[in-house]
Amino acid sequence: MSLDARDFAALLCSAALLGGCKKEEPAPTEDRTLAKLRQEVDRVNQGGAPAAPPDAPADPNARLAGLAAGHEAEQARTYTLASKESVKVNTLSLKPTHLEALHSLSGKGKVSLTTTDLFVRVELEAENVGPQPVDLSLSAARLVDAEGKEYPIARDAQTVGGTRTLDHTWQREQRESLVLLFEAPAEALAPGLALLIPTPGGADARIPLQ
């Protein structure tokens, strides 16, 4: 007996109906992927944050929020000064006494500032060693790193945690402790870092810090 194409197709369909259709099983790797997806959906439904892919770029806003919330341990790092020798600007003697850096600053009340870079805090002892009063503007002071990049005083940070009045007349023998605040990246705090102080009609005075 011979079967034509239509008879052969009918025979196959009958065999499929009699034997039932066998469902194709997913590959083991598909099982694992589906299980992980179900676990992630359950975790998010329970209030968890969606997981970011491992190669996702870091979110600077998330890091800033973490710093502000104290998720990262905040402890000021102190740096050894390159020199504690006084530098004279006109008749005002400026002596560096302390250098530190930190991510967050707190002022009076609930005022606080946070940066993903660093707030660089420079402390100085200032004294007018001349016989006459002297005028000097310290608000134009700035940091300069080894590559020559400059960082001016961070105005908001200075208001929150630094010396308020930087431009005034220094009387004879007047002494004062000063705190100057700058904002700079971590790589700036390296050998070659210096504090630049403008002088009346002359070159900037340079105070080595690192």
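The values are calculated or read from the model by the stated rules, or taken from the named source; none is laboratory data. Everything numeric in this text was worked out from a predicted model, so none of it was measured. Cβ coordinates were reconstructed from backbone atoms using ideal geometry, including for glycine residues, and neighbour counts include every protein chain displayed. Areas reflect the complete protein model, heavy atoms only, side chains present, ligands, DNA and RNA absent. Shrake-Rupley method; radii C 1.70, N 1.55, O 1.52, S 1.80 Å.
Ranked by solvent-accessible area (1.4 Å probe, protein heavy atoms only, all chains present), the residues ARG164, ARG77 order from largest to smallest as ARG164, ARG77.
Its convex hull of Cα atoms gives the stretch 133-210 a direction-averaged projected area, equal to a quarter of the hull surface, of 5.6 nm².
The alpha carbon radius of gyration of the stretch 65-210, expressed as a multiple of 2.2 N^0.38 Å, is 1.06.
Accessible surface of LYS149, taken over heavy atoms with a 1.4 Å probe and every protein chain present, rounds to 120 Å².
Placing dummy labels 7 Å off each Cα toward the beta-carbon, the span from SER104 to ARG77 is 1.8 nm. Residues VAL111, VAL160, VAL89 ordered from highest to lowest accessible area at a 1.4 Å probe: VAL111, VAL160, VAL89. The amide H of GLY192, built 1.01 Å from its N in the peptide plane, has GLN210 as neighbours under 5 Å, considering only residues 5 or more places off or on other chains.
Between ASP135 and VAL111, the simple spin-label model (points 7 angstrom out along Cα→Cβ) gives 2.7 nm.
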